[in-house]
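Report on the following structure.
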Amino acid sequence: MAVIALDLGGTKLASALFQPDGVPVRKIIQPLEKRGGDDVFQLILDAISDQMGFASSKGMVVNSLGCCVPGIVYSGSGRIWAPNISGMEDYPLLDKIRGGIRNDEISVILDNDRACCIMGEVWQGMARGCRNAIFMAVGTGIGAGILTNGSILRGSSDAAGAIGWLALDQPYNEKYNACGCFEYNASGEGLSKVALEYLRDDREYNGMLRNIDPAGMNANEIFNAYRQNDPVAVRVIKNAVLYWGMAVANLVSLFNPEKIILGGGVFGPAVVLIPDILAEAMKWAQPVSFRQVKLEPSAL
């Protein structure tokens with residue numbers, strides 16, 4: 001038996017073939033390259049077909065398929081809301097996948113990426129043995145998978161954990177409309193937005209980031225400049241540390257978790273900043289809960 005896993009992100013699609021015990025057999029990552037809607041679905045369908053063909057060549061029978069998405073999965077309908085992917089604001093992904101594979105013997109399940117992240121850490125990662133833990137996913141966007149008393153917190157409309165909308169600044173600014181205050185300042189895309197704001201404001205700066213095409217600015221380039229002590233990059237990352245620290249503090253105070261696990265594409269290069277994030281969080285968090293929590297990078 002085998003399982004196909006799909007991780008749809010804001011900029012890429014990862015597909016993998018797994019043994020039932022979670023051991024990966026084959027993994028492929030494909031960029032979305034600005035695709036949206038049905039074009040993204042076709043990429044998903046092609047990835048499924050490719051993995052099924054490989055499984056067949058190895059004598060493996062695929063009996064289930066799981067796909068996580070960056071946004072909301074409406075459990076009653078199987079439709080999704082993925083704001084960082086155009087054309088997927090109310091998309092019937094579950095029905096489209098089932099219709100595409102045309103095999104009723106294969107179980108198909110969708111979930112949001114933040115829930116999948118914390119479930120993965122509980123199963124085979126840093127949250128093993130935990131009943132109250134949070135995965136703070138920082139990539140193209142920001143979300144939190146929240147485990148309380150052994151169950152995933154989902155909310156009344158499956159939208160719980162959308163912490164990119166945490167209000168961590170004042171007064172309100174219309175630039176937060178599309179993705180929220182926290183995500184605007186401290187996601188992978190947010191780091192680029194903040195860097196471009198600083199570049200517009202500082203006409204005298206002529207460092208590393210000035211030579212990058214604004215359309216191609218990304219978090220990796222900002223971290224590379226940060227490691228070389230570029231003043232604008234340092235300012236961007238210090239700003240993000242403040243936001244990450246406040247968000248961690250709020251999660252600690254609200255949920256009293258055993259662990260908060262930091263993951264996603266930005267953590268990654270931001271793992272070295274965990275001590276700074278912890279120091280910032282300590283200023284804001286409920287002290288009893290803060291003394292009990294551990295802040296750790298993802299194992300997966």
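From the Cα gyration tensor of the range 1-148, with a ≥ b ≥ c the square roots of its eigenvalues, which class applies: rounded if a/c is under 1.5, or else prolate if a/b is larger than b/c, or else oblate?
Details: a/c = 1.60, a/b = 1.09, b/c = 1.47.
Verdict is oblate for the range 1-148.
Nearest-5 percent of antiparallel DSSP beta bridges in the chain?
Details: 24 of 45 bridges.
Given both bridge residues lie in the chain, the antiparallel proportion sits at roughly 55 percent.
In the range 14-110, what percentage of the DSSP-assigned beta bridges are antiparallel, given to the nearest 5?
Beta bridges within the range 14-110, antiparallel portion: roughly 65 percent.
Grab the Cα-Cα distance for Lys238 and Arg210, subtract it from 0.36 nm times how many residues apart they are, and report the gain in nm with one decimal.
Difference between extended and current length: 8.2 nm.
Could you check the spin-label model distance between Ser64 and Ala279? Points 7 Å from the Cα along Cα→Cβ, value in nm.
4.5 nm
Suppose R0 equals 41 Å; then what is the FRET efficiency for Arg291 and Val23 from their Cβ-Cβ distance, rounded to the nearest 0.05?
About 0.65, to the nearest 0.05.
Along the three principal axes, how long is the range 53-126 when you take its alpha carbons, biggest first, rounded to the nearest angstrom?
38, 36, 22
Taking springs between alpha-carbon atoms closer than 10 angstrom, which of Asn239, Asn103, Asn112 fluctuates most in the Gaussian network model of the chain?
Answer for the Gaussian network model of the chain: Asn103.
Step through the residues of the range 70-87 one at a time and calculate ³J(HN,Hα) from phi using the Karplus curve (6.51 cos²θ - 1.76 cosθ + 1.60, θ = phi - 60°), rounding each to whole Hz and writing x for Gly and Pro.
Couplings: x, x, 10, 10, 7, 4, x, 10, x, 7, 10, 10, 10, x, 8, 10, 5, x Hz.
Leaving out ligands, DNA and RNA, and with a 1.4 Å probe, what % of the accessible surface on the chain is carbon or sulfur?
51 percent
Along Cα→Cβ, 7 Å out, is where each label goes; now give me the distance between the ones at Ala14 and Arg227 in nm to one decimal.
It works out to 2.0 nm between the two label points.
Give a residue-ordered list of calculated ³J(HN,Hα) values for the range 281-292 (Karplus: 6.51 cos²θ - 1.76 cosθ + 1.60, θ = phi - 60°; whole Hz; x for Gly, Pro).
Going residue by residue, I get 4, 4, 5, 9, 7, 4, x, 5, 5, 5, 5, 8 Hz, with x marking Gly and Pro.
Need the full-extension length gain, Ser49 to Asn149, defined as separation in residues times 0.36 nm minus the C-alpha distance. One decimal, nm.
32.2 nm
Would you please give the FRET efficiency between Leu254 and Ser57, computed as 1/(1 + (r/R0)^6) with r the Cβ-Cβ distance and R0 = 41 Å, to the nearest 0.05?
0.25
On a 29 Å Cα-Cα criterion, which of the cross-link pairs Lys34/Lys96; Lys175/Lys238; Lys27/Lys294; Lys34/Lys283 come out too long? Please report the intermediate quantities before stating the final value.
On the way: Lys34/Lys96 20 Å; Lys175/Lys238 20 Å; Lys27/Lys294 31 Å; Lys34/Lys283 40 Å.
Check vs 29 Å cut-off fails for Lys27/Lys294; Lys34/Lys283.
Would you mind checking which residues have amide H under 5 Å from Gly265's amide H? H placed 1.01 Å from N; only 5 or more apart, or other chain.
Val138, Gly139, Thr140
Be a star and scan the range 135-167 for residues whose amide nitrogen sits under 18 Å from the point 7 Å along the Cα-to-Cβ vector of Val271.
Only 135-140 pass the distance filter.
Can you list residues whose amide H is under 5 Å from Arg26's amide H, if they're 5+ apart or on another chain and H is modeled 1.01 Å from N?
Leu17
Let's see if you can work this out: charge +1 on each Lys and Arg Cβ, -1 on each Asp and Glu Cβ, no other charges. What is the dipole magnitude of the chain about its Cα centre, in debye to the nearest 20?
580 debye
Could you give the dipole magnitude of the range 227-300 about its Cα centre, charging the beta-carbon of Lys and Arg +1 and that of Asp and Glu -1, in debye to the nearest 20?
Working: 7 positive and 5 negative charges, 18 e Å.
Result for the range 227-300 is approximately 80 debye, rounded to the nearest 20.
If you wrap a convex hull around the C-alpha atoms of the chain and split its volume per residue, what is the figure in Å³?
That works out to 140 Å³ per residue.
Can you list the aspartates and glutamates whose alpha carbon sits under 20 Å from that of Lys12, skipping same-chain ones fewer than 8 residues off?
The qualifying aspartates and glutamates are Glu33, Asp38, Asp39, Asp46, Asp50, Glu89, Asp90, Asp111, Asp113, Glu183, Glu189, Glu221.
At a probe radius of 1.4 Å, what is the per-residue accessible area of Val23, in Å² to the nearest 10?
Answer for Val23: close to 70 Å² accessible.
If pairing requires two Cys Cβ atoms under 4.7 Å apart, which cysteines of the chain are left without a partner?
That list is Cys67, Cys117, Cys130, Cys179, Cys181.
Would you calculate a helix-derived [θ] at 222 nm for the chain, using -39,500 (n - 2.57) for each DSSP H run of n ≥ 4 and dividing by the full residue count, to the nearest 500?
So the helix-based figure for the chain works out to -12000 deg cm²/dmol.
Quick one: 3J(HN,Hα) in Hz for the range 94-105, Karplus 6.51/-1.76/1.60 with θ = phi - 60°, rounded, Gly and Pro as x.
Along the range 94-105, the couplings run 4, 5, 5, 5, 4, x, x, 7, 6, 8, 5, 7 Hz.
Over the chain, calculate the relative contact order: mean separation of alpha carbon pairs under 8 Å at least 6 apart, over the residue count, as a percent.
Answer for the chain is 14 percent.
The values are calculated or read from the model by the stated rules, or taken from the named source; none is laboratory data. The shown structure was predicted, so the numbers you read here are calculated from the model rather than taken from an experiment. Cβ coordinates were reconstructed from backbone atoms using ideal geometry, including for glycine residues, and neighbour counts include every protein chain displayed. We work out accessible area using only protein heavy atoms, side chains counted, and drop any ligands, DNA or RNA first. Shrake-Rupley method; radii C 1.70, N 1.55, O 1.52, S 1.80 Å.
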